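Below you'll find the structure, written out as structure tokens, and then a few comments.
Just so it is clear, none of the values below were taken in a lab; they were calculated from the coordinates. The shown structure was predicted, so the numbers you read here are calculated from the model rather than taken from an experiment. Reconstructed Cβ throughout: ideal geometry from the backbone, glycine too, with neighbour counts over all protein chains shown.
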């Protein structure tokens, strides 16, 4: 993660009262999230759906892996 995103992650962790490590994004996570944001923006025709989809993925992450959730989005026809 770049310096700005790392600082944002640390601030979120402090505010949530959790350690920052669970919020760490590896290169694969970054590539997956950016690809899913691209899909949301282009397939829906509304760029604002990109961050909203990423938020929904974050909420769902407790019950599934990012790879599994990405497969659902990539395989969908909605």
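Annotations for the structure displayed:
- Among the listed values (i) 13.3, 38; (ii) 11.7, 42; (iii) 27.7, 85, the one matching Rg and Dmax of the Cα atoms in Å as calculated from this structure is (i).
- Over the chain, relative contact order from alpha-carbon pairs under 8 Å, at least 6 apart, %: 21
- Note on residue 67 and residue 43: with the Förster distance fixed at 30 Å, the Cβ-Cβ geometry gives a FRET efficiency of about 0.95.
- Per-pair calculated FRET efficiency, R0 = 30 Å: residue 77 and residue 16 via Cβ, rounded to 0.05: 0.25
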